[in-house]
Amino acid sequence: MNPTTDTPFASYIQARIDQITERCTQCGKCFEACSMLPYTDLEGAEPSAVTRSVVDIINDRGHAPEGAAWVQACQKSGSCIDACPEDVNPREMILYARVKLQQSAFGREELSQRGRNFFRRLSGIIRATAAIQTPPELYRRLTAVRYRKKAAARNLFYFGCHILKTPHILLSCMDVFDRMGLDCEVVGGLGHCCGINHFRMSDLEAGAAMGTRSLEKFRSYGSEQVITFCPTCQMQYAEYRPLYSGPGDDELPFVHVTKYLARNLDTLKSLCTAPVNKRIALHLHGGTDGVEENVKTILACVPGLEVVEIDQHKDHGYQCPTLLLPGAPEAMREKLFSSARAAEVDSVVTVYHSCHFELCPEEGNHPFELENFMTILGQSMGFDYPDWTKTFKLYGDLDRVLAETGDQLRRHGIDPEKARGPLKVALNG
């Protein structure tokens, strides 16, 4: 995004900025639709002035501070996308504006170093958290890069990176697919990263390069589609796809797991035979099209299950961990859990592994369980993988976790004491 960098990637980004600038009428509808305004000082700001400021930012012009403040407040809920009357994706526009602001504040080299450092820290956290829950041979099998080494599979299940911190959800997916008879190859882990962590550090070029390498690996399987679980991976490879491969690629479709399962209801119904006699409420986020209705349709296959509607902030971010604006996570949780208590549910059921990882220790504070929807499907199909993530978080005692898992960490080649720092961040953060 540096105008002095003459690369195909920089040229493409500039073309997108030019297109957004041409289409955007600065009407302010996207700003008006933003669900994050109550957590900022921007309520009462002139909508058209704010959007004009964002357009100024992406074009390297002087800008009003309100535009920069709105850019920093974005939590990617996607509420703005449907509000735009001009077929501009405001979430994409804000992505470019954030990068421009970050590059102005830190410079490209510092941002690149920040991206590398963040990725290394994240890798250590994921590795340690997965290691205390999975045998080393299973971890190696799940994360192996088998680029061009396997026969073609009709479907590719791409589970991303962070679900390795909640392996019971990943294993439930694989078990369900196996019972459905899905011709599927499984790929994921940091060797198949979509590059989002570099994107978050505003190093778009490094993130795009990493995601492009992963996309090439996916294509090598000759699959008809990629089934995703992670909402971030789905967003990156669906909404921001040209950042990886440029316009006019072969458009290998990325289909979220909820859409795939909702398309195969007859098979699901034949497999969900055991009653799950629970009254549940779904924890929902916007940002990924169709997920809410898909999950409701899927869970309707489970005999005995009652899904109740509750009042919640579905427009607060697209997942829990990236909802970072002060006050917003607390408001989201308070409404979710108070509504669930009022509805007297047996379980609050998450859709995304990321939300489950964040919310599961709340089970110790409320009269209901915290479960994932794949766990519910598994219970109806006759299997139930232990949720060690929740168990270890509910301990609230890292010494106890290390005492119970030290031998397994050593089998992974990890010194338990060196794992203490990453696990403290993961389990107590």
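The numbers here are math on the coordinates, done by the rules we state, and not lab data. Since the model is a prediction, treat every value here as computed from it, not as a measurement. Every residue, glycine as well, gets a Cβ built from its backbone with ideal geometry; the counts of neighbours run over all protein chains shown.
Below 18 Å, Cα to Cα, which lysines can Lys29 reach? Residues fewer than 8 away in the same chain don't count.
Within the straight-line limit of under 18 Å, Lys29 reaches these lysines: Lys76.
Expressed as a whole percent, how much of the Cα-Cα distance distribution for segment 272-390 exceeds 17 Å?
Within segment 272-390, distances greater than 17 Å cover 54 percent of Cα pairs.
For segment 36-42, what does the Karplus curve 6.51 cos²θ - 1.76 cosθ + 1.60, with θ = phi - 60°, yield as ³J(HN,Hα) per residue in whole Hz, taken in order and with x for Gly and Pro?
Values, residue by residue: 8, 4, x, 9, 10, 9, 9 Hz.
Using the Cα centre as the reference, give the magnitude of the dipole from point charges on the C-beta atoms of segment 8-106 (Lys, Arg: +1; Asp, Glu: -1; all else neutral), rounded to the nearest 20 debye.
300
Compute the semi-axes of the equivalent ellipsoid of segment 141-269, taking the square root of 5 times each eigenvalue of the Cα gyration tensor, and list them largest first in whole Å. Before the final figure, lay out each step's value.
Numbers: eigenvalues 111, 49, 42 Å².
Result for segment 141-269: semi-axes of 24, 16, 15 Å.
Rounded to the nearest 20 Debye, what is the dipole magnitude of the chain about its Cα centre when Lys and Arg each give +1 and Asp and Glu each give -1 at the C-beta? Numbers along the way, then the final one.
Working: 47 positive and 54 negative charges, 314 e Å.
Approximately 1500 debye in magnitude.
Over the residues of the chain, compute the C-alpha Rg and express it relative to 2.2 N^0.38 Å. Intermediate results must be reported in sequence, preceding the final value.
Details: Rg = 21.8 Å, N = 429, 2.2 N^0.38 = 22.0 Å.
With N residues counted in the chain, Rg over 2.2 N^0.38 Å equals 0.99.
Give the lysines reachable from Lys217 as a straight Cα distance under 16 Å; neighbours fewer than 8 places away on the same chain don't count.
Lys149, Lys150
Please give the charge dipole size of segment 295-429, origin at the Cα centre, charges +1 on K and R Cβ atoms and -1 on D and E Cβ atoms. Round to the nearest 20 debye.
Dipole size: approximately 460 debye.
In the calculated pair distance distribution of segment 50-197, what percentage of Cα-Cα distances lie above 18 Å? Spell out each step's value before the answer.
Working: 7490 of 10878 pairs.
The calculated P(r) of segment 50-197 puts 69 percent of pairs beyond 18 Å.
Would you mind ranking Cys301, Cys355, Cys30 by Cβ crowding within 10 Å, fewest neighbours first?
Cys301, Cys355, Cys30
Projected onto the charge dipole of segment 8-106 (+1 at Lys/Arg Cβ, -1 at Asp/Glu Cβ, origin at the Cα centre), which of Pro38, Gly67, Leu101 gives the Cα projection farthest towards the positive end?
Leu101
If eta is 0.692 mPa s and T is 37 °C, what Stokes-Einstein diffusion coefficient results for segment 8-106, Kirkwood Rh from Cα pairs, in µm²/s? Before the final figure, lay out the partial values.
On the way: Rh = 13.3 Å.
Rounded, D is 246 µm²/s.
So how long is each side of segment 45-95 along the principal axes, counting just the alpha-carbon atoms, biggest first, in Å?
Reported extents, whole Å, longest axis first: 28, 21, 20.
Quick one: Debye curve from the C-alpha atoms of segment 110-190, no solvent, what's log10 I(q)/I(0) at q = 0.18, 0.26 Å⁻¹?
-0.82, -1.28
Test of the criteria: in segment 128-231, which trypsin sites (Lys or Arg not before Pro) are in a DSSP loop and have at most 15 other Cβ atoms within 10 angstrom of their Cβ? Don't skip to the answer; put the middle values down first.
On the way: sites: Arg140, Arg141, Arg146, Arg148, Lys149, Lys150, Arg154, Lys165, Arg179, Arg200, Arg213, Lys217, Arg219; in loops: Arg146, Arg148, Lys149, Lys150, Arg154.
Taking segment 128-231 and a limit of 15 other Cβ atoms within 10 Å, the loop trypsin sites (Lys or Arg not before Pro) found are Arg146, Arg148, Lys149, Lys150, Arg154.
Just to verify a number: FRET efficiency for Thr273 and Gln19, C-beta to C-beta distance, R0 = 41 Å, to 0.05?
Working: r = 52 Å, r/R0 = 1.26.
For R0 = 41 Å, the calculated efficiency reads 0.20.
In this model, which of Lys165/Lys314; Lys259/Lys335; Lys165/Lys390; Lys314/Lys335; Lys165/Lys424; Lys259/Lys296 are farther than 18 Å apart at the alpha-carbon?
Where the Cα-Cα span goes over 18 Å, the pairs concerned are Lys165/Lys314; Lys259/Lys335.
Return the distance in nm (one decimal) between the two label points of a simple spin-label model at Glu404 and Ala10, each offset 7 Å from Cα along Cα→Cβ.
5.3
Give me the extension gain from Leu324 to Asn264: residue separation times 0.36 nm, minus the current Cα-Cα distance, reported in nm with one decimal.
Gain on extension, Leu324 to Asn264, equals 18.0 nm.
Taking N as the number of residues in segment 71-138, what is its Cα Rg relative to 2.2 N^0.38 Å?
1.64
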